[in-house]
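Asks: Structure provided below as structure tokens; questions to follow.
The values are calculated or read from the model by the stated rules, or taken from the named source; none is laboratory data. No experiment lies behind these values; they were computed from the predicted model shown. Virtual Cβ from ideal backbone geometry, glycine too; neighbours counted across all protein chains shown. Surface areas here come from the heavy atoms of the whole protein model, side chains and all, with no ligands, DNA or RNA. Shrake-Rupley method; radii C 1.70, N 1.55, O 1.52, S 1.80 Å.
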Amino acid sequence: MPTFQLITDQDIVKGFCTDSSNYPGYADALVRPGCVSDVVEIVKEANSKKIPITTIGNRSSLTGSAAALGGWILDTSQMTKILEVDSKEKFVIAEPGMMLSDLKKTMLEQGLFYAPDPTSEKECFFGGSIATNASGSRTFKYGSTRKYVRALEVVLASGEVLNLRRPEIEKNTFGYLPFQNMVEIFVGSEGTLGVITKIEVQLLTKPENFFGGMAFFKTLTETLDFVVNIRKELLQQFPMITPRAVELFDHHGLSIIRPDSTFKIPKEAQAAIFFEQEYKTEEFETVLNGWLPFLEKNKAIVDDTIIAEQPKQQEELRMLRHKVPSFLFEEGGKYVKEGGGKVSTDWSVPINKIHEMVDYADKLAKEVKIVEPVVYAHIGNGHPHYNFIAKNAAEKKQILEVVHKTCQRVVSLGGTIAAEHGIGKIKKDFVKYQYPSQIINSMKALKQSLDPNAIMAPGNMF
Ligand SMILES: Cc1cc2nc3c(=O)[nH]c(=O)nc-3n(C[C@H](O)[C@H](O)[C@H](O)COP(=O)(O)OP(=O)(O)OC[C@H]3O[C@@H](n4cnc5c(N)ncnc54)[C@H](O)[C@@H]3O)c2cc1C
């Protein structure tokens, strides 16, 4: 007899069936393991009866990946323990159900820094961020979650527990590369290969200081020139300058934040770049003296440039940055009943292709005469988000046609259709643009070998 409790009351279960994409999910039951042995028992039982399992974190996914398609929802919210912190070797081992921001805060209090910073860090779990390979504004300097994952404990569909560790050897010629480091395969696997029950990540030393900044520009092209020149010139000339964030607001984004901003946003600004720069106390003047002439040379509206040194101002800048996706999420939610909602892209291209891609995406977006997209976010990584609000199903269809064409161009420029949110259920139609069918079939074969009854997160990715 199973010892776990299945919650079948649909009044409760329905509350866990969708995620931030509003994708319509459904399930028979909700189950809340408290530890790995609970997960093993649940998964074994489900597998023996071929019952689908969708593992959920805090359901902030924007792709429908956390929306179940039948079966059981495995809620990781009870698995919240920090199991080990090693401040000498700088790593932490924790369970998946802790809010990411809480984990990061706890580490900071010990002088340790966990670099990945999805904008949703106060809305997503540690485990969810691993299963989606989340990234954020600081990815410009630090890269995405994947880079920091040292080891994972994973429960497979059979109930077997795998302990995977990133190899530390410098040479290895045995096997296909992804299999030499199975940690890499589970990071970003969107719940399709197993349940992640324990995570070890690399920490860094807490940066001494940082300042936030916001530079305004009169045209979007000048803004993009500025971004490209950060890599081409600024980083080359001043090795001390390593901005950790380089984030875009277009003019719609500026309109969204204007009402909440205590900073002056100049009327003539058509776009802005939010950036963050770390520094050692004694290097402050040198670092600032690198940035200021660069801003001037690259046509920022210098008099209105914001440099935020105080924690309160820095927090305000980050809150303004967060306001854009939150606002769009709420706006989109208003039209879901009519078959509309938010349609957002998640593509990225190599930075030297960003002008070409933005010109093309803007031209296509203008073809949707009904709505202009809001364009914002990780431009430093060649990764702006285009967000359209469709008021009904007909508008959504028209917008999706534009997104299809955009994705095709992205791939032809050497980019990706999904730089940080994954594929889930709502981006599956774009997958064919990125990989040939043989590669997709190899991924499916891997899933089939680890999950022969296809119970893990059905409907995600493929
Ligand atoms: C306002 C807003 C801003 C956002 N900003 C960003 C951003 O800047 N960067 C970014 O990358 N994302 C962003 N997102 C998307 C989302 O927050 C991230 O994808 C996040 O990592 C998902 O974490 P979660 O705990 O909510 O996972 P969920 O949404 O619950 O699940 C996501 C996927 O992970 C799987 N999963 C969750 N936990 C486990 C586990 N323990 N084992 C196996 N599989 C698991 C699920 O099955 C699902 O496939 C944003 C979302 C919102 C709403």
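Asks: Using a 1.4 angstrom probe on the protein heavy atoms only, could you order S48, S60 from most to least accessible area? The partial results should precede the final answer.
Replies: On the way: S48 85, S60 35 Å².
Accessible-area ranking of S48, S60, largest first: S48, S60.
Asks: Measuring from centroid to centroid over Cα atoms, what is the spacing of the range 114-138 and the range 248-276 in Å?
Replies: 24 Å
Asks: Could you grab the relative contact order for the chain? Cα pairs under 8 Å, six or more apart, rounded to a whole percent.
Replies: Values: 943 pairs, mean separation 75.5, N = 462.
Relative contact order of the chain: 16 percent.
Asks: Can you tell me the order of 8-16, 173-181 when each peptide is scored by its average per-residue count of other Cβ atoms within 10 angstrom, highest first?
Replies: Numbers: 8-16: 13.0, 173-181: 9.8.
Descending packing order for the listed peptides: 8-16, 173-181.
Asks: Just want to confirm a number: the relative contact order over the range 209-329, from Cα pairs under 8 angstrom separated by 6+ residues, in percent. Provide the component values of the computation, followed by the final result.
Replies: On the way: 165 pairs, mean separation 55.2, N = 121.
So the answer I get is 46 percent.
Asks: Using only the alpha-carbon atoms, how far is helix 437-450 inclined from the longest principal axis of the chain? Give it as 0 to 90 degrees, nearest 10.
Replies: Orientation of helix 437-450: about 50 degrees from the principal axis.
Asks: Report the accessible area of D303, computed with a 1.4 Å probe over the heavy atoms of all protein chains in place, in Å² rounded to the nearest 10.
Replies: Near enough 150 Å² of accessible area.
Asks: Can you check what the net charge comes to around N441, using other residues whose Cβ is under 13 Å from the Cβ of N441 (Lys, Arg +1; Asp, Glu -1)?
Replies: Details: positive: K432, K444, K447; negative: none.
So the surrounding residues net to +3.
Asks: Please work out how much length the chain gains when fully extended from K369 to K432, using 0.36 nm per residue of separation minus the C-alpha to C-alpha distance, in nm with one decimal. All intermediate terms of the calculation are to be shown ahead of the outcome.
Replies: On the way: separation 63, 0.36 × 63 = 22.68 nm, distance 2.72 nm.
Full-extension gain reported as 20.0 nm.
Asks: Mind putting a number on the dipole of the chain about its Cα centre? Charges go on the C-beta only, +1 for Lys and Arg and -1 for Asp and Glu, and I need it in Debye to the nearest 20.
Replies: On the way: 54 positive and 57 negative charges, 215 e Å.
Using Cβ point charges on Lys, Arg, Asp and Glu, the chain gives about 1040 debye.
Asks: So how much accessible area does R409 have, in Å² to the nearest 10, using a 1.4 Å probe?
Replies: 80 Å²
Asks: Under 17 Å from a label point 7 Å along Cα→Cβ of T8: give me every residue in the range 17-31 with its amide N that close.
Replies: 27-31
Asks: Right, another one. Given contacts defined as C-alpha pairs under 8 Å and at least six residues apart, what's the relative contact order of the range 82-205, whole-number percent? Before the final figure, lay out the partial values.
Replies: Values: 224 pairs, mean separation 40.1, N = 124.
About 32 percent, as a whole number.
Asks: Here's another thing I want to ask about it. Does the range 116-175 come out rounded, prolate or oblate by the C-alpha gyration tensor, with a ≥ b ≥ c the root eigenvalues, rounded set by a/c under 1.5 and, if not, prolate when a/b is larger than b/c and oblate if not? Don't jump to the answer; show the numbers that get you there.
Replies: Numbers: a/c = 3.42, a/b = 1.32, b/c = 2.59.
Because a/c hits 1.5 or more and a/b fails to exceed b/c, the range 116-175 counts as oblate.
Asks: Treat each spin label as a single point 7 Å out from the Cα along the C-beta direction, and report the T242 to E401 distance in nm.
Replies: 4.8 nm
Asks: Straight distance only, please: which aspartates and glutamates reach the Cα of K49 with their own Cα at less than 14 Å, same-chain residues fewer than 8 apart left out?
Replies: D28, E41, D451
Asks: To continue, here is another question. Treating only the Cα positions of the chain as identical point scatterers, give the base-10 log of I(q)/I(0) from the Debye formula at each q in 0.09 Å⁻¹.
Replies: Here log10 of I(q) over I(0) equals -0.61.
Asks: Here is a further query. Calculate the dipole size of the range 82-205 relative to its Cα centre from +1 charges on Lys and Arg beta carbons and -1 charges on Asp and Glu beta carbons; express the result in debye to the nearest 20. Please report the intermediate quantities before stating the final value.
Replies: Working: 14 positive and 16 negative charges, 81 e Å.
In total the dipole reaches around 380 debye.
Asks: Taking the radius of gyration and the Kirkwood hydrodynamic radius from Cα positions alone, what is the Rg/Rh ratio for the range 82-205, to two decimal places?
Replies: My calculation puts Rg/Rh at 0.96.
Asks: Once amide H atoms are placed 1.01 Å from N in the peptide plane, what residues at a sequence separation of 5 or more from H385, or on another chain, have their amide H within under 5 Å of its amide H?
Replies: Hits under the 5 Å cutoff: Y376, A377, H378.
Asks: From the square roots a ≥ b ≥ c of the eigenvalues of the alpha-carbon gyration tensor of the range 386-462, which class results: rounded (a/c under 1.5), prolate (a/b over b/c), or oblate? If you can, show how the numbers build up before the last one.
Replies: Numbers: a/c = 2.77, a/b = 1.58, b/c = 1.76.
It comes out oblate by the Cα gyration axes.
Asks: Quick one: if you stick a label point 7 Å off each Cα along the C-beta vector at K297 and K337, how many nm between them?
Replies: Once both label points are built, they end up 5.6 nm from each other.
Asks: For helix 100-109, what angle does its Cα long axis make with the longest principal axis of the chain, in degrees from 0 to 90 and rounded to 10?
Replies: 70 degrees
Asks: On average, how much accessible surface per residue is there in the chain, in Å², for a 1.4 Å probe, leaving out ligands, DNA and RNA?
Replies: That works out to 45 Å² for each residue.
Asks: Can you tell me the order of 23-32, 393-402 when each peptide is scored by its average per-residue count of other Cβ atoms within 10 angstrom, highest first? Numbers along the way, then the final one.
Replies: Values: 23-32: 19.6, 393-402: 17.0.
Final packing ranking: 23-32, 393-402.
Asks: For Y176 and D86, compute 0.36 nm times the residue count separating them, minus their Cα-Cα distance, and round to one decimal in nm.
Replies: 29.2 nm
Asks: How charged is the neighbourhood of V287? Take every other residue with its Cβ under 11 Å from the Cβ of V287, and add Lys/Arg as +1 and Asp/Glu as -1.
Replies: Values: positive: K280; negative: E278, E282, E283, E285.
For residues surrounding V287, the net value is -3.
Asks: Does the range 334-441 classify as rounded, prolate or oblate by the C-alpha gyration tensor (a ≥ b ≥ c root eigenvalues; a/c under 1.5 gives rounded; else a/b over b/c gives prolate, otherwise oblate)? Don't jump to the answer; show the numbers that get you there.
Replies: Numbers: a/c = 1.82, a/b = 1.27, b/c = 1.44.
Oblate.
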